[in-house]
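The values are calculated or read from the model by the stated rules, or taken from the named source; none is laboratory data. The model shown is predicted, which means the values in this text are computed figures rather than measured ones. Ideal geometry is used to build each Cβ from the backbone, glycine not excepted, and the neighbour counts take in all protein chains shown. Areas reflect the complete protein model, heavy atoms only, side chains present, ligands, DNA and RNA absent. Shrake-Rupley method; radii C 1.70, N 1.55, O 1.52, S 1.80 Å.
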Amino acid sequence: MTSNVLQELEWRGFVQQATPGLAAHFAKGPVTAYCGFDPTAPSLQIGNLVPLMLLANLQRSGHRPIVLMGGGTGMIGDPAGKPGERQLLSKEQIRENVHRMRDQAAKILEFGAGPTAALLLDNAKWLVEQRVIDFLRDVGKHFTVNIMLQKESVQSRLSTGLSYTEFSYMLLQAYDFLHLFRERQCTMQVGGTEQWGNITAGIDLIRRIENAEAHGLVAPLVTMASGKKFGKTEEGAIYLDPQLTSHYKFYQFWINTDDRDVESYLKLFTPKSKEDIAALMVGHKSDPSKRIAQTALAQDVTTRVHGADAVSGAVSASSKLFGDLTVTRALTEEALAAIQGEVPTVILVEGEYEMSMTDALVKGGLAKSKNEARRAIEQGGIYLNEERVADPTRKLGPTDWIGLSVLLRKGKKDHVVLKRKG
């Protein structure tokens with residue numbers, strides 16, 4: 001399979017641009033490849049799954065992946081793809097981010113022993129100890145300002161401003177590649193399309209200093225057919241950290257994949273074979289309403305990132321929120337407890353337990369005013385404990401409370417739990 005790895009990556013949609021001769025390089029035998037991740041955020045986002053899954057595909061094909069955490073480069077921040085100067089983080093925050101991202105990356109790749117076992121390294125180990133004069137003599141002399149100014153990551157920032165600190169990032173990343181070439185026999189770097197300039201800088205540095213061959217490959221920017229930015233929702237970015245994006249919201253992101261995107265996402269974000277994906281798409285096209293392909297995608301990615309228990313919890317919460325619950329008794333206290341934490345929860349105080357439905361909708365944030373709430377009820381779009389509310393004058397009563405909570409829904413997807421103080 002090693003010799004066919006580039007064809008596999010192309011079929012899956014991982015190849016936007018690659019260095020000439022990469023297929024021949026793969027044909028020579030197992031390759032060690034790396035991708036860097038700067039800890040400038042508290043968690044990896046789902047966009048980071050693209051290079052991680054690219055490394056996972058290489059690993060399954062008999063190659064060795066390296067995940068490089070930028071404990072050193074993160075102190076500066078990569079200007080590529082950023083509209084303005086980054087705010088520098090403290091060393092303590094960077095260390096915390098590195099720790100969290102390291103644990104997340106470890107769920108995607110196979111670590112342990114063996115020739116294809118993934119390595120997880122931190123470039124702070126060699127960058128922080130660098131001496132400025134030595135670095136400028138040994139590395140800086142191989143770069144001309146003219147060439148650096150031609151790189152897209154620099155060009156895109158010239159109009160808005162680029163500090164020398166971020167301008168020098170290219171040299172640091174190039175040195176990372178050189179260091180890994182020397183110490184780990186790493187001959188390939190992968191990343192997103194905005195990394196092409198930095199990757200080729202490292203390739204050129206290895207050629208100049210070591211007179212050796214190295215390669216690069218960048219994946220395209222993942223898009224959404226809807227026009228929205230991939231990995232973004234109304235609530236913000238989708239993170240791999242469950243403290244920032246709950247298991248339920250993570251699972252729902254994939255379940256809600258547009259029909260036009262689901263096949264390409266199955267190729268990118270799951271290890272499913274051509275035959276399995278083709279079969280899923282046949283089933284999906286026969287009845288798109290069943291969301292067969294989206295379910296397979298959501299279960300695979302959520303299991304990979306958060307584990308099987310997270311999938312079970314997300315499916316359970318999803319069925320409680322979107323299932324066919326037609327009578328109040330079907331919504332149990334246990335079910336409401338599972339839902340809380342996945343949807344907004346508003347705590348009521350004594351005196352509000354028998355408020356009108358219009359007041360409850362305003363209190364829960366499902367309506368901006370009583371008039372808006374009344375219209376929503378009259379139009380049949382409001383549900384209390386999954387039963388449609390028909391009377392705008394209706395009030396919450398003792399029999400509505402399931403334990404200490406009630407569930408309000410507007411339309412198909414907007415939920416809020418009202419909870420009494422226990």
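The requirement of being open to solvent by 10 Å² or more (accessible area, probe 1.4 Å) and modelled with pLDDT of 85 or more is fulfilled somewhere in the stretch 64-80, by at least one residue. In the stretch 387-394 there is no residue that is of a type in the set (A, V, I, L, M, F, W, C), in contact with a helix residue (DSSP H, G or I) (Cβ under 9 Å, 6 or more places away or on another chain) and under 26 Å from Lys249 (Cα atoms). Which one is most open to solvent (accessible area, probe 1.4 Å) among residues in the stretch 97-126 that are in a helix (DSSP H, G or I) and of a type in the set (S, T, N, Q)? This residue is Gln104. Per this entry, Ala41 is not counted among residues that are open to solvent by 10 Å² or more (accessible area, probe 1.4 Å) and not in a loop (DSSP other than H, G, I, E, B). The criterion of at least 1 residues that are aliphatic (A, V, I, L, M) is met, among helices (runs of 4 or more DSSP H) falling completely within the stretch 127-222, by 132-138, 145-150, 152-155, 169-184, 196-210.
Looking across Glu210, Glu183, one residue alone is in contact with a helix residue (DSSP H, G or I) (Cβ under 7 Å, 6 or more places away or on another chain) and surrounded by fewer than 17 Cβ atoms within 10 Å (Cβ to Cβ). It is Glu210.
Being crowded, with 16+ Cβ neighbours inside 10 Å and within 15 Å of the chain's Cα centre (by Cα) is a property that Leu240 has.
With the requirement that a residue be under 18 Å from Ile76 (Cα atoms), out of contact with any Asp or Glu (no Cβ under 6 Å at 6 or more places or on another chain) and open to solvent by 10 Å² or more (accessible area, probe 1.4 Å), what does the stretch 167-180 give you? Of everything in the stretch 167-180, those that are under 18 Å from Ile76 (Cα atoms), out of contact with any Asp or Glu (no Cβ under 6 Å at 6 or more places or on another chain) and open to solvent by 10 Å² or more (accessible area, probe 1.4 Å) turn out to be Phe167, Ser168, Leu171, Leu172, Gln173, Tyr175. Among the residues of the stretch 378-411, those identified as buried (at least 19 other Cβ atoms within 10 Å of the Cβ), at pLDDT 90 or above and assigned to a loop (DSSP other than H, G, I, E, B) are Val389, Leu396.
Conditions (1) touching a helix residue (DSSP H, G or I) at 6+ places or on another chain (Cβ under 6 Å); (2) of a type in the set (Gly, Ala, Ser); (3) without any contact (Cβ under 8 Å) to a residue 60 or more places away in the chain, marked per residue:
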{"site": "His179", "(1), (2), (3)": "yes, no, yes"}
{"site": "Met188", "(1), (2), (3)": "no, no, no"}
{"site": "Asp204", "(1), (2), (3)": "no, no, no"}
{"site": "Thr223", "(1), (2), (3)": "no, no, yes"}
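Is it true that Val262 is open to solvent by less than 40 Å² (accessible area, probe 1.4 Å), aliphatic (A, V, I, L, M) and within 15 Å of Pro51 (Cα to Cα)? Here the answer is no, as Val262 does not meet what is asked.
Residues of the stretch 127-166 that are open to solvent by less than 40 Å² (accessible area, probe 1.4 Å), polar (S, T, N, Q) and under 21 Å from Ile206 (Cβ atoms): Ser153 alone.
Quick one: would you say Ala308 is surrounded by fewer than 14 Cβ atoms within 10 Å (Cβ to Cβ), within 20 Å of the chain's Cα centre (by Cα), closer than 23 Å to Ile46 by Cα and modelled with pLDDT of 80 or more? The answer is yes for Ala308.
Exactly one residue among Phe143, Phe177 is modelled with pLDDT under 90 and over 22 Å from Gly47 (Cα atoms), and that residue is Phe143.
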